[in-house]
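Everything below concerns the one structure shown next.
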Amino acid sequence: MNSGSTAKTILFWISIVFLGVMLWKLVSANKNPAQVVSFTDFLQSIDKKAIQIAEVYLEQNSANVHALVRDSQKYVETTISTSELPDITARLRDAGAKIEISEVKSRDWTLILLNAAPLVLLVGLCLFLMRQMQASLRRVGAALPAAVRTGIGYDLHRLEEGRALIVGGIELPFDKGPVGHSDGDVLAHAMCDALLGAAGLGDIGTHFPDTDPKWKGANSLLFLEHVRKLLDEKKFVIEHVDAVVITEKPKLGPHFPKMREALAKSLGVAAEKVHLKAKTNEGVDAIGREEAIAAHVVATVVSR
Ligand code: MG
C-alpha cells in the first residue's frame, strides 16, 4: 500500500469514528430531553423545592436554565432575563438546589463541534482527494510518451570544376565542387531543412537567405549549429537523423566516420544518432552525369 492509500484509509476511519461519536452524543442527548417550561411554571417548581440541580448558561441578555427535577431523571428548561437572575439564583439556593453557572453552554459547544467535525472532515477529504487526483494527473502526464516529430529535407547543387567538394562538413578530394552561395554542402543543407521541418521552424532559406552576403562562402556546419540552438529554444531534442547522399563520384563511404563526427558535433549529439548512406544515380540524369550532387535527410526530434 502506498502512502496515498494509507493516508486515505486513516482519514476514512477517523471520519467513521467522528460520525460514530456524533451519533452516540445525539442519541445520548435524546435519552433525557429537557422539557421547556414557562418562567411561571419554573418558579412554581422552585417554590415546591422540586429542582435538584440548576445549570445556568449566561447569554448576552438572558440566561438559559437547565434543571434536573428532584428524585427523577427529568430535566426542565427555561429562559430568564439577566435582570431576574439574582432573584432566581437566590430562590434556588433557598430551595436547596445546587447551582452551576457557566458563561457559555458548553454542552452546546460540544454539539456544535461534533456536528461541524464531519463537515470539516468531509471538506478536508474532498481537498485531499482533489490533490491526489491532481498528483495522479501530473504523474500520468509525466508518463505520457514525449511528442515525436519528423521532418524531411532535400537539397541539390550543381557541380563545377575548380570548387571544393564539401559534404557533411568534410572536404573531399575531387575535381568538382558544388555551386552555391555558401560552401554548398548538400548534406548539411538537407539536414538543416529536415530538422527545421520537424520542429516546424521553416526552412534553411528562411534563416540563412542566399541573398545575405553574410553567408557567402559560409561553412554550413554553422547553419547546423544555429538550427540546433533554434530547436533547443523550442525544447526539441534531436533523436536521430538519417541521410542519403546521391553522387556518382567520389565514393563517400570511407569519409562517413569523419562526416558523422563533424555533423554530430555541430548538432550536439552522439555520432550514433547520425546515420549516413551513399547512392549513385546509375549514370542517369544530372547526378549520373556527375553534374550535380543531392541529399535526402529524415530527422526525428522529441519534445521535452
Ligand atoms: Mg543548398
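FYI, it's all coordinate maths here, none of it is from the lab. This is a predicted model, so every value here is computed, not measured. Cβ atoms come from the backbone with ideal geometry, glycine included; neighbour counts cover every protein chain shown.
Relative to the Cα centre, what is the charge dipole magnitude of the chain, using +1 at the beta carbon of each Lys and Arg, -1 at the beta carbon of each Asp and Glu, and rounding to the nearest 20 debye?
With Lys and Arg at +1 and Asp and Glu at -1, about 1140 debye.
What list do you get for TRP24, TRP215 if you sort them by fewest beta carbons within 10 Å?
The most exposed by this proxy come first: TRP24, TRP215.
Which one, LEU113, TRP215, VAL76, projects farthest toward the positive side of the charge dipole computed for the chain from Cβ point charges (K/R +1, D/E -1)?
Of LEU113, TRP215, VAL76, it is VAL76.
What order, most packed first, do the peptides 148-158, 10-20, 238-248 have when packing is the mean number of other Cβ atoms within 10 Å of each residue?
238-248, 148-158, 10-20
Select from PHE128, GLN60, MET191 the residue farthest towards the positive end of the dipole of the chain; place +1 on Cβ of Lys and Arg, -1 on Cβ of Asp and Glu, and compute about the Cα centre.
GLN60
At 7 Å along the Cα-to-beta-carbon direction for both ARG138 and SER83, put a label point, then send me their distance in nm to one decimal.
6.4 nm
Gain in length, GLU171 to LYS277, computed as 0.36 nm per residue apart minus the alpha-carbon separation, to one decimal in nm?
36.4 nm
Which residues does a label at LYS258 reach in region 152-176, if reach means a backbone N under 12 Å from a point 7 Å past the Cα toward the Cβ?
Answer for region 152-176: 165-174.
For a quick protection proxy, order the peptides 293-301, 191-199, 121-129, 171-179 by their average other-Cβ count within 10 Å, most packed first.
My ranking of the peptides, most packed first, is 191-199, 293-301, 171-179, 121-129.
Net charge near VAL186: determine it from the other residues with C-beta under 11 Å of the C-beta of VAL186, scoring Lys and Arg +1 and Asp and Glu -1.
-3
Could the peptides 159-170, 74-85 be put in order, highest first, of the mean number of other beta-carbon atoms found within 10 Å of their residues?
Listed from highest to lowest mean packing, they are 159-170, 74-85.
Show that you can apply the helix-only estimate: for the chain, add -39,500 (n - 2.57) for every DSSP H stretch of four or more residues, divide by all residues, and state [θ] at 222 nm to the nearest 500.
-14500 deg cm²/dmol
Going by Cα centres, region 227-251 and region 269-304 are how many Å apart?
Measuring centre to centre over Cα atoms gives 10 Å.
Based on the Cα atoms of region 177-304, what semi-axes does the equivalent ellipsoid have, where each is the square root of 5 times one gyration tensor eigenvalue, given in whole Å with the largest first?
Whole-Å semi-axes of the equivalent ellipsoid: 24, 18, 12.
Positive end of the charge dipole of the chain (Lys, Arg +1 and Asp, Glu -1 on Cβ, about the Cα centre): tell me which of ILE99, ILE166, LEU276 has its Cα farthest that way.
ILE99
Which far-off residues, 5 or more places away or on another chain, put their amide H under 5 Å from the one on ILE101, with H placed in the peptide plane?
Correct list: VAL56.
So if I place +1 on the C-beta of Lys and Arg and -1 on the C-beta of Asp and Glu, and nothing else carries charge, what would the dipole magnitude of region 148-303 be about its Cα centre? I want it in debye, nearest 20.
400 debye
List the residue ranges in the chain for DSSP H helices whose C-alpha atoms run 27 angstrom or more along the long axis and whose Kyte-Doolittle average is -1.0 or above.
3-31, 106-143
Can you give me the distance in nm between label points at GLU239 and GLU100, each placed 7 Å from the Cα along the Cα-to-Cβ direction?
Placing both labels 7 Å along Cα→Cβ, they lie 7.5 nm apart.
Between THR150 and VAL37, 0.36 nm times their residue separation minus their Cα-Cα distance comes to what?
32.0 nm
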